[in-house]
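Dropping the structure in here first, questions after.
The values are calculated or read from the model by the stated rules, or taken from the named source; none is laboratory data. Predicted model only: the values in this text are computed from it and were never measured. Glycine also receives a Cβ, built like all others from the backbone with ideal geometry; neighbour counts cover every protein chain displayed.
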Amino acid sequence: MTRQHHWLCGFVGVLVLAGSAVASDPPDSAINPSSGNIEIADPVWAGTNQNVDFVIQISGQKPEIQTVTDNSLDDRRPRIAHASNGDAWVTWWRDDVTDAVLIRKRHLSDGSWDAERVLSDSQESSRSPTIVYDGTAAWVAYELDNQSNTDIAVSIVIDDPDPVGTRVVVATTDFTGTVAPKVHTEQGHLWVTWVDSASDVGWVEYDYASETWSLPAFESYAADTVADARDRIRDIVVGP
């Protein structure tokens, strides 16, 4: 099977393409906090569909490539997060009749991978996940179809015996543009942002004590950009 890779030259995000890239699905990368290596969740073209590879870039060595997905359906927009011990999670969405959000975990100790697991509900078309590790568990935020609206959902991924927590819908938007949900963690805070309209970014924060999410709040980007609004939300949640 022929694979065509994006290669990441340095963590600054300079991409050199080896073969044809899938422009709509860029790779995601992070430095492994234990090994210090750059690790990449890489969407690769396999001739008839898109799969996901895991690329480990070790200084002065040829990149090591491991297969995350290998099937006939398109696996899209992979995202990566690490635990402090170097274990990694890769999440992505599978383009199917009912789109699904999935995840796999890689164990740094022996390089083994857990089997892929579906985070989303089998009856809900779900896509565009992002992921963070908050020091205890991985959290994945994604969007799902809700009739004419879009729901913002969050799933927690923890160890056995309950490896995937029940997905929680934290907000609903009627925005028809790119919603781009994103989950964030910093200084003991966990929050989710999304594009709620042509002028507002929505956000919710998790309360660890009550294990509940706040009601949605909104920050305008009418005078600047979505990124600027997300930065202001971060300052509200964490502090400047």
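Report yes if some residue within the range 24-31 is over 22 Å from T185 (Cα atoms) and either of a type in the set (A, V, I, L, M, F, W, C) or exposed (fewer than 14 other Cβ atoms within 10 Å of the Cβ) (or both); otherwise report no.
Scanning the range 24-31, I find at least one residue that is over 22 Å from T185 (Cα atoms) and either of a type in the set (A, V, I, L, M, F, W, C) or exposed (fewer than 14 other Cβ atoms within 10 Å of the Cβ) (or both), so the answer is yes.
Among the residues of the range 128-140, is any among the acidic types (D, E) and over 27 Å from T225 (Cβ atoms)?
Within the range 128-140 (the criterion being among the acidic types (D, E) and over 27 Å from T225 (Cβ atoms)), the answer is no, since none of the residues qualifies.
Which of (1) under 20 Å from D196 (Cβ atoms); (2) modelled with pLDDT of 95 or more; (3) not basic (K, R) does V90 not meet, given it meets every other one?
Only one criterion is unmet by V90, namely (1).
Let me ask something additional. I'm told L17 meets every condition in (1) modelled with pLDDT under 95; (2) in a loop (DSSP other than H, G, I, E, B); (3) surrounded by fewer than 16 Cβ atoms within 10 Å (Cβ to Cβ) except one. Can you identify the failing condition by its number?
Here L17 meets the rest and fails (2).
Just checking, which of V238, V157 is under 18 Å from T91 (Cβ atoms), in contact (Cβ under 8 Å) with a residue 40 or more places away in the chain and not assigned by TED's automatic domain parsing to the domain that holds A81?
On the way: V238 fails: under 18 Å from T91 (Cβ atoms).
Result: V157 is the single residue among V238, V157 that is under 18 Å from T91 (Cβ atoms), in contact (Cβ under 8 Å) with a residue 40 or more places away in the chain and not assigned by TED's automatic domain parsing to the domain that holds A81.
Among the residues of the range 214-221, are any under 25 Å from A83 (Cβ atoms), assigned to a strand (DSSP E or B) and of a type in the set (F, W, Y)?
no
A further question on this structure: Does Y133 count as surrounded by fewer than 21 Cβ atoms within 10 Å (Cβ to Cβ), among the aromatic types (F, W, Y) and under 26 Å from F54 (Cα atoms)?
Yes.
Quick grid of which residues meet (1) in contact with a helix residue (DSSP H, G or I) (Cβ under 8 Å, 6 or more places away or on another chain); (2) in a strand (DSSP E or B):
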site: V169; (1), (2): no, yes
site: T176; (1), (2): no, no
site: A180; (1), (2): yes, no
site: H184; (1), (2): yes, yes
site: A229; (1), (2): no, no
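For the range 116-128, does any single residue satisfy the condition of being within 22 Å of V55 (Cα to Cα) and surrounded by 22 or more Cβ atoms within 10 Å (Cβ to Cβ)?
yes
Could I ask something else about it? From the list T178, T193, T212, exactly one residue is surrounded by fewer than 23 Cβ atoms within 10 Å (Cβ to Cβ), under 19 Å from E143 (Cβ atoms) and either at pLDDT below 95 or not acidic (D, E) (or both). Which is it?
Just a single option satisfies the conditions, and that option is T178.
What pairs come up if the first residue lies in the range 196-210 and is under 15 Å from P181 (Cα atoms), the second is of a type in the set (G, A, S) and crowded, with 21+ Cβ neighbours inside 10 Å, and their beta carbons are under 8 Å apart, counting only those six or more places apart or on different chains?
Qualifying pairs under 8 Å: D196/A171; D196/G202; D200/A229; V201/A229; G202/A171; V204/A171.
Restricting attention to the range 43-71, and to residues there that are hydroxyl-bearing (S, T, Y) and at pLDDT 95 or above, which single residue is surrounded by the fewest Cβ atoms within 10 Å (Cβ to Cβ)?
T67
Results for (1) outside the structural domain of I233 (by TED's automatic domain parsing); (2) within 23 Å of V118 (Cα to Cα); (3) in contact with a Pro (Cβ under 7 Å, 6 or more places away or on another chain), shown as yes or no for each residue.
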position	(1), (2), (3)
I152	no, yes, yes
R167	no, yes, no
A171	no, yes, yes
K182	no, yes, no
G188	no, no, no
V201	no, no, no
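So that you can scan it fast, the table gives a plain yes or no per residue for (1) closer than 22 Å to V55 by Cβ; (2) of a type in the set (A, V, I, L, M); (3) touching a strand residue (DSSP E or B) at 6+ places or on another chain (Cβ under 7 Å); (4) free of Cβ contacts under 8 Å to residues at least 24 places away in the same chain:
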position: P78; (1), (2), (3), (4): yes, no, yes, no
position: H82; (1), (2), (3), (4): yes, no, yes, no
position: T98; (1), (2), (3), (4): no, no, no, no
position: V140; (1), (2), (3), (4): yes, yes, yes, no
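Which one is farthest from the chain's Cα centre (by Cα) among residues in the range 108-127 that are of a type in the set (S, T, Y) and more than 20 Å from N85 (Cα to Cα)? Break it down stepwise before answering.
Step one: list which residues in the range 108-127 are of a type in the set (S, T, Y), which gives 109, 112, 120, 122, 125-126.
The next check asks that each one be more than 20 Å from N85 (Cα to Cα); those that pass are 120, 122, 125-126.
Numbers: S120: 13, S122: 19, S125: 16, S126: 13 Å.
Among residues in the range 108-127 that are of a type in the set (S, T, Y) and more than 20 Å from N85 (Cα to Cα), the one farthest from the chain's Cα centre (by Cα) is S122.
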